[in-house]
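This report refers to the structure that appears directly beneath it.
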2 protein chains.
Amino acid sequence: MTPVITAFEDSPDRGEGQARDMRVRWALEEVGQPYDVRLVSFEEMKQPAHRALHPFGQIPTYQEGDLALFESGAIILHIAGRHVGLLPDDPNARARAIAWMFAALNTVEPPIVECEAAMILESDKSWHEERLAMLEERIRVRLGQLSTRLGDADWLDGAFSAGDLLMVTVLRRLDGWDMLEKFPNLSAYVARGEARPAYKRAFADQLAVFTGRLLAD
Amino acid sequence: MTPVITAFEDSPDRGEGQARDMRVRWALEEVGQPYDVRLVSFEEMKQPAHRALHPFGQIPTYQEGDLALFESGAIILHIAGRHVGLLPDDPNARARAIAWMFAALNTVEPPIVECEAAMILESDKSWHEERLAMLEERIRVRLGQLSTRLGDADWLDGAFSAGDLLMVTVLRRLDGWDMLEKFPNLSAYVARGEARPAYKRAFADQLAVFTGRLLAD
């Protein structure tokens, strides 16, 4: 049964891999699981049919037979449980890798998303510059802590895992912010993630939705 | 091997169950697993010994033999994997319950935390009132979507699960905000969670740290 995921029909980031379907695509590529993509418009995402799949009207969703899932973290954990390649076999190492999945989504990503929201929604407000400085400082604190923990290791805890996959995609949100560059080991960590063949295949496929090249091939 | 968790020595919420050790205590009570608590001061949380357990210097942490975990979501998932009572046996229902864990932490909680941060850190700013209204509206949107999905069910997907446990603790952050009350089914949902014997034991134990009653017993 080939799983089906949803992705934006009209990619807000112009296919630069920031939409959350990228995370699921990458995970599926890492484990060698073929999948289909169903593109949805912003209008469709508000409709009851999509809300039945995703109560909060977002992407990605994941359907496999009679299983329907939402939340990219949960989808990736499900994929990791069915296939080899995203989580270690040793139970303790596996639990630690899952802790990094939650850390990426709950501890590192929220201040970045908050800062993005401020840039988009509050750029015309009188308070914008002052608030942005506060938000950027919160991100820097998290990056400093993450940089300290990573040290000179290749990945966060032993071999590459779903925890690294999520952390790399979270850190990629800072592309062009001149912030990650202050932490050379984190920049190198993101580059290692982006260099993985599975990442490259996933990136090319989500970019093809935007450029339309997939249809032209 | 009795697990050991960490909690605030000096509880910022005066023991009202908002600190994240409450979530782990509740999960351990649901499965009937005894545990020990090690209290840490804010000063200790900054030290290398604590950072070795929690890279971001927060609580709770979880230690069990030679396993050390951080992130309450990951800790609860670990507990749910070792014991009966927090996740359904059926693989698809289990995956859906885990999706609700991620939804609670990644989709519903962030706008609430952001609003709390604004109340604490920005109450003296000229922009405070205007921004607060924006943030409250973002929370209301999420609550409306959650309320629609819950409908007249007792729990989010069949029997009580770790997804409900996390969602109830997330919604409890809105205590006293006069916001949850606009969604009677969500208020009733939180009340159902708080009525569980395991919740009550966990709440009493974390309150006892603040009141000092535990030491006096």
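For this structure, a couple of remarks:
- 10 Å Cβ neighbours from other chains, averaged over peptide A:105-113: 5
- Per-residue shielding of B:53-60, expressed as the average number of other chain Cβ atoms within 10 Å of the residue Cβ, stands at 4.
- For the rotation that carries chain B onto chain A, the axis lies closest to a Cβ at B:127, 2, where the number is the distance in whole Å.
- Fluctuation leader among B:188, B:204, B:49 - chain B, Gaussian network, Cα springs under 10 angstrom: B:49
- Size of charge dipole - chain B - debye, nearest 20, with Cβ of Lys, Arg +1 and Asp, Glu -1, no other charges: 340
- Computed log₁₀ I(q)/I(0) - Debye formula, equal Cα scatterers, no solvent, the stretch B:91-196, q 0.13 Å⁻¹: -0.48
- Net charge of the neighbourhood of residue A:42, taken over other residues with C-beta under 13 Å away and scored Lys/Arg +1, Asp/Glu -1, is -3.
- For the protein assembly as shown, radius of gyration divided by Kirkwood radius, i.e. Rg to Rh on alpha-carbons: 0.94
- The antiparallel fraction among DSSP beta bridges confined to the stretch A:1-131 stands at about 55%.
- Difference of contour (0.36 nm per residue) and Cα-Cα distance, residue A:141 to residue A:67: 22.7 nm
- For the pair the stretch A:163-217 and the stretch B:30-60, the centres of their Cα atoms are 33 angstrom apart.
- Extending 7 Å from Cα along the Cβ direction at residue B:52 and again at residue A:44 yields two label points whose distance is 5.3 nm.
- Partners of residue B:125 within straight-line reach, counting lysines whose Cα lies under 19 Å from its Cα and excluding those fewer than 8 residues away in the same chain: A:125.
- Summed side-chain charge close to residue B:121 - residues other than residue B:121 whose Cβ falls under 13 Å, Lys, Arg +1, Asp, Glu -1: -3
- Look at the dipole of chain A built from charges on Cβ: of A:93, A:62, A:24, the Cα furthest out on the positive end belongs to A:93.
- The antiparallel fraction among DSSP beta bridges confined to the protein assembly as shown stands at about 55%.
- Segment residue B:153-residue B:4, extension gain: residue separation times 0.36 nm, minus the distance between their alpha carbons: 50.1 nm
- Calculated mean residue ellipticity, 222 nm, chain B: -17000 deg cm²/dmol, from DSSP H runs (n ≥ 4) at -39500 (n - 2.57) each, averaged per residue and rounded to 500.
Read-outs throughout are calculated quantities, based only on the coordinates presented, and are distinct from any laboratory measurement. No experiment lies behind these values; they were computed from the predicted model shown. Here Cβ is always computed from backbone atoms with ideal geometry, including for glycine, and neighbour counts include all displayed protein chains.
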